[in-house]
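**Student:** To start, I am sharing the structure in question, which I have written as structure tokens.
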Amino acid sequence: MGNQAVQQVALRVVLERAIARKSDEYDRLARQYANQLIATKLDKTQVRGLETLASTTDKVSDITDWLKLRVGRDSGRERWAKEGIGRNLLTDLEGLRRDARDIVDKLGVDKDKDPDLERQVHLRLCREFLKHLAAHFEYLKVEQER
Amino acid sequence: MSELAHLLKRKQSIAAWSDRWQAEAARFADSHRDLLPRRITSAQLYGLGNVVRSARRYADIERFIRHQAEKAERAGRLDVQGYWNDLKDALGKLRGEAQALLKTLPFPAGMDSREALDALHRELAELYVQHLIAHSSYQTAGAKEN
């Protein structure tokens, strides 16, 4: 393996660790959202739908557009629009961009060489956050239905 | 560059573009917020979304928008006519974006440069409209909350 390839792998390992660390930090906030969402009329499939979208799309904007549409359609304010949950979640997901920037800055990579890295890390962080959220929500839903 | 590498690079470049331009589409919706949801209804916007998704050439999208503008003019709804004309201009300008993106992406196999440009222009318009519809819906919900 050449020197450059070794450096690439090392960088990838550092990046994965940084994302994992952030993911652990998000657990508490994701749990708070799950606690709020459980008090709405949302069911498991709707929250899982958001998680599935996040894990399959290559765009952060697909996730935020999805949420915006759900908030917009919830005229009865019983689901995503209840007590501003969807709006707050949207703001928090968009705010993960700052964490992505911090991670990329600390990596010390040349941003000109990979100008899309920050966006891709942002997408990964959104996926991590929503993975926690969906897991907590499903757990609470089972408890609620017992 | 192999065909797979080309496809991946194209997909990533378009995803990055879409995330970058989400804010621009949201600004368009914000600057026409007084027309939502009564003068420009969600049915009209979803109709636009369907046309944009099914269009085979960019000209099909432009024709639909021009038709909407003409209908509004005949009905004396000049503000609505203005909306559609502004949207026609906004989407038309995306041709320049498509040209810039194409400079960084080789053409897909079997496609000439004009076809490739038109296909990319149509694809960017579809993403812009996706953001526009989502933000307009979200904004309408916000107006109801206030």
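FYI, it's all coordinate maths here, none of it is from the lab. Note that this is a predicted model, so its numbers are computed, not measured. So basically every Cβ, Gly included, is an ideal-geometry build from the backbone, and we count neighbours across all protein chains shown.
**Student:** Per-residue mean of other chain beta-carbon atoms within 10 angstrom of the beta-carbon, peptide B:16-23? Can you show the working numbers first?
**Tutor:** Working: counts 6, 2, 6, 12, 2, 1, 8, 1.
So the per-residue partner count for this stretch is 5.
**Student:** I'd like the distance separating the alpha-carbon centroids of the range B:1-35 and the range B:45-72, in whole Å.
**Tutor:** 19
**Student:** P(r) for chain A, please, calculated from all Cα pair distances in 5 Å bins and given in %.
**Tutor:** Distribution as computed: 2, 9, 18, 21, 18, 12, 8, 6, 4, 2, 1, 0 percent.
**Student:** Can you check what the net charge comes to around B:Asp79, using other residues whose Cβ is under 9 Å from the Cβ of B:Asp79 (Lys, Arg +1; Asp, Glu -1)?
**Tutor:** +1
**Student:** Further question: Please identify the chymotrypsin sites (Phe, Trp or Tyr not before Pro) of the range A:17-78 that satisfy two criteria: DSSP loop assignment and at most 12 other Cβ atoms within 10 Å. Which are they?
**Tutor:** Filter output for the range A:17-78: empty list.
**Student:** Compute the angle between helix A:44-56 and the longest alpha-carbon principal axis of chain A, please, reported from 0 to 90 degrees and rounded to the nearest 10.
**Tutor:** Rounded to the nearest ten degrees, it is 20.
**Student:** Let me know the mean shielding of A:56-64 by other chains, meaning the per-residue number of their Cβ atoms within 10 Å of its Cβ.
**Tutor:** Mean shielding by partner chains, rounded to a whole number: 6.
**Student:** Relative contact order of chain B: what whole-number percent is it, with Cα pairs under 8 angstrom and at least 6 residues apart?
**Tutor:** Here the relative contact order equals 39 percent.
**Student:** Let me ask you something else. Starting from the Kirkwood radius over alpha-carbon pairs of the range A:59-111, derive D by Stokes-Einstein at 10 °C in a medium of 1.306 mPa s and give it in µm² s⁻¹.
**Tutor:** 127
**Student:** Can you pull the mean other chain C-beta count within 10 Å for peptide B:127-139?
**Tutor:** That average works out to 5.
**Student:** Oh, and also: Under 20 °C and 1.002 mPa s, how fast does the range B:28-146 diffuse according to Stokes-Einstein, given a Kirkwood radius computed over C-alpha pairs? Answer in µm²/s, whole number.
**Tutor:** 141
**Student:** As I understand it, the value is the acute angle between the Cα axis of helix A:85-107 and the longest principal axis of the Cα atoms of chain A; what does it come to in degrees, rounded to 10?
**Tutor:** 10
**Student:** Label the protein assembly as shown by shape, choosing from rounded, prolate and oblate, from the square roots a ≥ b ≥ c of the eigenvalues of the Cα gyration tensor; if a/c is under 1.5 it is rounded, and otherwise prolate applies when a/b is larger than b/c, oblate when it is not.
**Tutor:** oblate
**Student:** To the nearest 20 debye, what is the magnitude of the charge dipole of chain A about its Cα centre, counting +1 on the Cβ of each Lys and Arg and -1 on the Cβ of each Asp and Glu?
**Tutor:** 320
**Student:** On to the next question. Quick one: the Cα spread of the range A:74-146 along its three principal axes, in angstroms, biggest first?
**Tutor:** Computed over the Cα atoms, the extents are 51, 28, 14 Å.
**Student:** Continuing with this model, one more query. Between the range B:95-135 and the range A:45-99, how far is it from one alpha carbon centroid to the other, in angstrom?
**Tutor:** That distance is 26 Å.
**Student:** Divide by every residue of chain A the summed helix terms, -39500 (n - 2.57) for each DSSP H run of at least 4, and state the resulting mean residue ellipticity at 222 nm, rounded to the nearest 500 deg cm²/dmol.
**Tutor:** When only DSSP H runs of four or more count, the value is -27500 deg cm²/dmol.
**Student:** What is the angle, in °, between the Cα long axis of helix A:117-145 and the longest principal axis of the Cα atoms in chain A? Nearest 10 is fine, range 0 to 90.
**Tutor:** 30
**Student:** Another question about this same structure. Which lysines have a Cα lying under 27 Å from the Cα of A:Lys68, excluding residues fewer than 8 positions away in the same chain?
**Tutor:** A:Lys68 reaches A:Lys22, A:Lys41, A:Lys44, A:Lys59, A:Lys82, A:Lys131, A:Lys141, B:Lys11, B:Lys88, B:Lys93, B:Lys144.
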